[in-house]
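Working notes for the structure below.
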Amino acid sequence: MRRGVTACLAAALAAVVGGTTAAAAAPAGPSGGTPCLPDSPAHPTCVSGTLEDGTPYEFVVPAHWNGTVVVALDFAGTGRNEALTTRLLADGVARGGTSRAVTGWDIRSAIDNQAEALARFEQAYGPARKAIASGTSMGGFVAAGVAQVHPGTFDAAVPMCGGLGGSVGQWNQKLDTVFVLERLVAPGLPVVDIPADIESARKAWIDALAAAQRTPQGRARIALAAAIGQLPAWGRNPDGSVPPPPDRGDAAALQQGAYLALAGGPLPYIGQAMSSRRQIMDVVGGNPSWNTGVDYDKQLSLADPALRRAVRDLYKAAGLDLGADLKTLAAAPRIAADPDAVKRFSRGIVLNGDLRIPVLTLSGTGDQISTVAQQQSYEENVRRAGANSLLRQTYTETVGHCDFSPAEQEAALTTMLDRLRSGHWPATSAPAMNARAAAPAADPAPRYVPFTPPRFNRPYPG
């Protein structure tokens, strides 16, 4: 079924491909593309071009291609030089995909582009035996969407560090964090109406959080916002270095970790909350997030127990009344969404768990952008849809957004290939995943761990 669907699409695109691929501009290599990466022992060929909407695509194919191709958002432009590509080429696996240059936060268009890119690839190289959608960050979200939207075109999906609470759910969660911070820490700073000068907004937030972090009262309130927003209590230092995971009984260390997740490292949560929200609202034509009807006292009660205890300890040490701050939040005017913007944003899409192909997820426990609680929401939707036999979820004890080693990523893809070959899931426990990721050159050592994510507090059923 998959090959037939893809072959029809490939045939329909043949005339377009002939005018846009690298193969049409230069002599074809032995596998249908143009020789590339001359230093690679896999002796690959490459094919590249643009899709109908102008999105770039590119694929790298080893001389001894085994028929498997991995397709990802954000591959075109830099993916050919990534260590994961080198590993996959050595295994006989082709890798390629698109960029987000045109689609940005138009997630549904990015999802459909993966199917179109696969068709372009198959027009150049012939039908793939197995096609896997896989990517990181927004690419992970897109891969999960591909599994739901294009199960007749792809055989499997391996989403990595994707916000699988769905577009609406994950940005409602981000609204909660920033709303609490604005009410209690930095009144007047932007929450949803992000100015055109995004860098100034980002800097104002970073400076405000840094000032708050210097006082006991500010530290307590930062911890409260982090607990309500389900941020990890672990983050990178300002210089990008990685501190060890905090002791779950150490309130000060947990608070420092939450602050670093918010404002530290190369990709602070608050900075992404400014830049991406501005882009999202431009795409959907309004505000797709709301906190009308949200009970922040209840959200705190459902927060990670260690961080919840830390909040209470920090409030006590700061001489603050936690109940009073929660009443302030309860009385604060709420932010309503534009219903049409919600509809447009949910097109990109509600991950409702309707799976017909196998999916394996990979998430970091200390990811400050794609918060790990979203994996619980995704799993619950899959279970409710009766498709839990098609899902496996794995976790690494890593801090920062998508901080996986090439060996850890390859282990996830290898696990899925085993699943496709046998028709049955191999072991996906942490020891089994670490064994697959282990290699003499693996650095760092594989970091898969057993983990159960907390319940996501902002599910959006659609």
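Just so you know, all these numbers are worked out from the coordinates, no wet-lab data involved. Keep in mind the model is a prediction, meaning the values are calculated, not measured. Glycine gets a Cβ as well: all are built from the backbone with ideal geometry, and neighbour counts include every protein chain shown.
Quick notes on this one:
- The eigenvalues of the Cα gyration tensor, multiplied by 5 and square-rooted, give the chain an equivalent ellipsoid with semi-axes of 40, 23, 20 Å from largest to smallest.
- Averaging Cα coordinates gives a centre for the range 284-329 and one for the range 231-245; these two points are 22 Å apart.
- Taking amide H positions as modeled 1.01 Å from N, with prolines and chain starts lacking one, the residues under 5 Å from R95 and 5 or more places away or on another chain are V60, V70.
- Net charge of the neighbourhood of R108, taken over other residues with C-beta under 11 Å away and scored Lys/Arg +1, Asp/Glu -1, is 0.
- Gap separating the Cα centres of the range 357-403 and the range 101-115, nearest whole Å: 21 Å
- Listed by chain and number, the lysines placed with their C-alpha closer than 22 angstrom to that of K343 are K174; residues fewer than eight positions away on the same chain are left out.
- Note that the range 444-458 has calculated 3J(HN,Hα) couplings of x, 4, x, 10, 5, 9, x, 7, 10, x, x, 5, 5, 9, 9 Hz, one per residue in order, obtained from phi through the Karplus relation 6.51 cos²θ - 1.76 cosθ + 1.60 (θ = phi - 60°); glycine and proline are x.
- One chain, two ends: A336 and S301. Fully extended at 0.36 nm per residue, the span grows by 10.2 nm beyond their Cα-Cα distance.
- Approximate shape of the range 332-393 as ellipsoid semi-axes (Cα gyration tensor, √5λ), whole Å, largest first: 26, 17, 10
- Computed log10 I(q)/I(0) for the range 167-343 at 0.09, 0.13 Å⁻¹: -0.29, -0.61, from the Debye equation with unit scatterers placed on every C-alpha and solvent omitted.
- For the chain, the mean residue ellipticity at 222 nm estimated from helices alone is -14500 deg cm²/dmol, where every DSSP H run of n ≥ 4 contributes -39500 (n - 2.57) and the total is divided by all residues, rounded to the nearest 500.
- The dipole here belongs to the range 338-406: it is taken about the Cα centre, uses +1 on the Cβ of Lys and Arg and -1 on the Cβ of Asp and Glu, and is about 360 debye.
- Residue-wise HN-Hα coupling along the range 358-371, computed from phi with Karplus coefficients 6.51, -1.76, 1.60 (Hz; x: Gly, Pro): x, 10, 10, 9, 10, 9, x, 5, x, 7, 8, 9, 9, 4
- Under the span-like rule (Cα at least 15 Å along the axis, Kyte-Doolittle mean at least -1.0), DSSP H helices of the chain: 2-20, 107-125, 138-149, 167-184, 198-213, 216-228, 251-263, 269-284, 305-318, 406-422
- Inter-label distance for L267 and K343, nm, one decimal - labels placed 7 Å from Cα along Cα-to-Cβ: 3.3 nm
- Packing order of peptides 203-214, 79-90, 328-339, 361-372, highest average first: 361-372, 79-90, 203-214, 328-339 (average count of other Cβ atoms within 10 Å over each peptide's residues).
- Local electrostatic count, G264, Cβ distance below 15 Å [Lys/Arg +1, Asp/Glu -1]: +1
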